[in-house]
Amino acid sequence: MLVAVAGISHRSAPIEVRERVAFPPCAGRPFLRRLLEEGVASEAVLLSTCNRTEVYLVAEDEGARSGLLDMLAEDRGVERGSLDEDTYWFTDEEAAHHLYRVASSLDSMVVGEAQILGQVREAYRSATEEHCTGPVLNRLFHTSLRVGKKVRTETGVGDSSLSVPNVAVKLAEGVFGRLRGRHALVVGAGEMSELVVKQLKSRGVTDLRIANRTPERARRLAERVGGVAVGFEELPSELSRADVVVSSTGSGEWVIGREMVAGALRDRTDPIFFVDIAVPRDVDPTVQTLEPVFVYDIDDLQAVVERNADGRREAAEAGEAMIGPAVEEFMGWISSLHAVPLIKELRDGAEQIRRHELSRALRRMDLSPGEAEAVERMSHSLVNKLLHGPISEIKALAEAGHPLGSAEVRRRLLALEGLEVELHRSGPKTTP
């Protein structure tokens, strides 16, 4: 059995690559089902965010990597060779360590950002609803959520962090100096858009327009944050009055094209500042050739992040120290799974002996039903106590990484046979 993760993130590939393999909401569920149906994995979870697309899986062996990348290339319509270049592949201990770092926001573009823990939780929930997880990934993701929360709570890694929306607004301030009195247009009404709106409001932006393909979602967000909902068909006219445009729809196609922006510029003299935090991108990259226009995508946020990294370094190091023991605990549990068949064999053998000897004894004794039940309970207790030592030793050997080969099995079974001999010696004698 192999626990593994294959992924592409901001650490391994630029946004031009990441956006090609990103999964829109709900689109990953059929892909997970196919992984299991075609035998590539026995368990799988897909995590797809603006900075990463990762598949966590339980498989038979290393051959799962090739099968997974073949399916990913086919599903996302990308060349197989490009995936080999940009995809990282971690197994067992490294895979667990990676997920714990992701959930703790230590692998994020913005270390300490708050959104990733919820994204990991949502990815796991989606996989469980599709019945794509089992005991291994259930435990791995449960522990990752616990570790992620602990790191954030006990290290303060998020205290001085800049979220992606915060960084986006900070970039806008770099262009305009201050945002008070500026007009803002937010395209997309999801969670990330709401976080951006809150940051804009905190910087003094009072004129907020919110556009979404689903008008009702735009209206609800506008009501919550004190903005005005506008229709998607109004984007050209809204662009002509917007100073800051933040887009985060994840539609998979250009929402704001070059011609649309060129038309908006004819009606204004001030610059337009675009922050495209969607993956795939919403704003056609050729827009940045227009004047006066500033276009930043999510990779451009990295410069701001690096300037603000020093204050989080010590907290991040404390978080790394907390992850190590959690990985060891998980891998110890994985190792103990190899002992389950042996432990079951021991228990089944002991139970067979217990029933046989109990039956022989009860045939020779004149007991009431209550007395017979008491003897039955005593026999269960006796066998459990006799097996406690051998089973504990087997678990300890497994967790320490010692192989439980056939010689080990024979030694345990011989010990069980010795138990049977002792029971025969101490039990009632049969009459020839």
Given the structure, is Val244 touching a residue at least 60 places away in the same chain (Cβ under 8 Å) and more than 31 Å from the chain's Cα centre (by Cα)?
yes
Might you check whether a residue that is over 13 Å from Phe330 (Cβ atoms), more than 10 Å from the chain's Cα centre (by Cα), open to solvent by 40 Å² or more (accessible area, probe 1.4 Å) and among the hydrophobic types (A, V, I, L, M, F, W, C) occurs anywhere in the range 123-137?
no
Do any residues in the range 383-408 that are modelled with pLDDT under 70 have Cβ atoms under 6 Å from those of residues that are among the charged types (D, E, K, R) and surrounded by 13 or more Cβ atoms within 10 Å (Cβ to Cβ), where the two are at least six apart or on different chains, and which pairs are they?
none
Log entry, pairs with first residue in the range 69-90 being in a strand (DSSP E or B) and open to solvent by 50 Å² or more (accessible area, probe 1.4 Å), second being modelled with pLDDT of 95 or more and among the β-branched types (Val, Ile, Thr), beta carbons closer than 8 Å, six or more apart or on different chains, reads Phe90/Val5
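I'm trying to understand the selection: among the residues of the range 33-47, which are open to solvent by less than 40 Å² (accessible area, probe 1.4 Å) and out of contact with any Cys (no Cβ under 6 Å at 6 or more places or on another chain)?
Selection gives Leu35, Val40, Ala41, Glu43, Val45, Leu46, Leu47.
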Please pick out the residue among Thr153, Thr249, Thr143 that is of a type in the set (S, T, N, Q) and touching a Lys or Arg at 6+ places or on another chain (Cβ under 8 Å).
Thr249
Select from the range 91-112 the residues that are at pLDDT 90 or above, open to solvent by less than 30 Å² (accessible area, probe 1.4 Å) and touching a helix residue (DSSP H, G or I) at 6+ places or on another chain (Cβ under 6 Å) and write down the one among them that is nearest to Glu16 (Cα to Cα).
Asp107
Of all residues in the range 326-369 being in contact with a helix residue (DSSP H, G or I) (Cβ under 6 Å, 6 or more places away or on another chain) and under 30 Å from Val151 (Cβ atoms), which is surrounded by the most Cβ atoms within 10 Å (Cβ to Cβ)?
Phe330
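The values are calculated or read from the model by the stated rules, or taken from the named source; none is laboratory data. Computed from a predicted model, the values in this text were never measured in an experiment. Here the Cβ is made from the backbone with ideal geometry for all residues, glycine too, and neighbour counts use every protein chain on show. With ligands, DNA and RNA removed, areas are computed over all heavy atoms of the protein, side chains included. Shrake-Rupley method; radii C 1.70, N 1.55, O 1.52, S 1.80 Å.
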